[in-house]
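What follows is one structure encoded as C-alpha cells, with my remarks underneath.
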C-alpha cells in the first residue's frame, strides 16, 4: 500500500484533492439542504461552507489557507448562521483539517495550528456545551492531528 501511495505523481495527488473537495461540497449541500436547524438563508450558508471546502484545494501546498478559512468560516457560521454542531459536514471538515494540519505543515507551524485548533475548539465547545469539552477537542482535532503527524513521519 505504501509503495502505491509513493508512486502517485503530484498530478494524482491534486486529482485526489479535487475529489475530496467535490465530496465535501456534495456532502455539505445535502447536509444543509436537509437540515432542520438551519439559520439564515440557505444560499449564504452554502456559500460559506463551499468556500471552506474549496480551501482544501491548497491543503498540500499552502496548508495554512484551509486552517484560516475553516476557523474564520466556522466562527462566522457559529455567530450568524447555522451552528457547526448542527452540521455533520462541519465535523467532517474539522477532522479532515486536523489531519491535514498534522500531515502537511512543518513541525513548528503544525504545533501552532494544533494549539490554535485546541483553543478554537475549546471556545466553541464552551459556547455550545460547557459540559462536553473533552470529546470534541480530542476526537475532532487532537486525534486527527496526531494521525496526520504519524503518517507524515512514516518512511
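The values are calculated or read from the model by the stated rules, or taken from the named source; none is laboratory data. Keep in mind the model is a prediction, meaning the values are calculated, not measured. Glycine gets a Cβ as well: all are built from the backbone with ideal geometry, and neighbour counts include every protein chain shown.
Side notes on the structure shown:
- From the list 82, 150, 138, the one residue that fits, being in contact with a helix residue (DSSP H, G or I) (Cβ under 6 Å, 6 or more places away or on another chain) and either surrounded by fewer than 18 Cβ atoms within 10 Å (Cβ to Cβ) or under 21 Å from residue 37 (Cα atoms) (or both), is 82.
- Among the residues of the range 47-68, those identified as buried (at least 20 other Cβ atoms within 10 Å of the Cβ) and at pLDDT 90 or above are 48, 49, 52, 53, 55.
- Filtered residues of the range 93-105 (kept if farther than 20 Å from residue 127 by Cα and part of a helix (DSSP H, G or I)): 96, 97, 98, 99, 100, 101, 102, 103, 104
- Count of the range 68-88 residues which are farther than 13 Å from residue 51 by Cα and in contact (Cβ under 8 Å) with a residue 40 or more places away in the chain: 11
- Unmet requirement for residue 65, which otherwise passes all of (1) more than 16 Å from residue 21 (Cα to Cα); (2) free of Cβ contacts under 8 Å to residues at least 12 places away in the same chain: (1)
- For the range 16-38, the tally of residues that are farther than 15 Å from residue 88 by Cα and in contact with a helix residue (DSSP H, G or I) (Cβ under 8 Å, 6 or more places away or on another chain) stands at 4.
- Taken across the range 111-124, residues that are in a helix (DSSP H, G or I), in contact (Cβ under 8 Å) with a residue 24 or more places away in the chain, under 11 Å from the mean Cα position of the chain (by Cα) and surrounded by 16 or more Cβ atoms within 10 Å (Cβ to Cβ) do occur, with at least one present.
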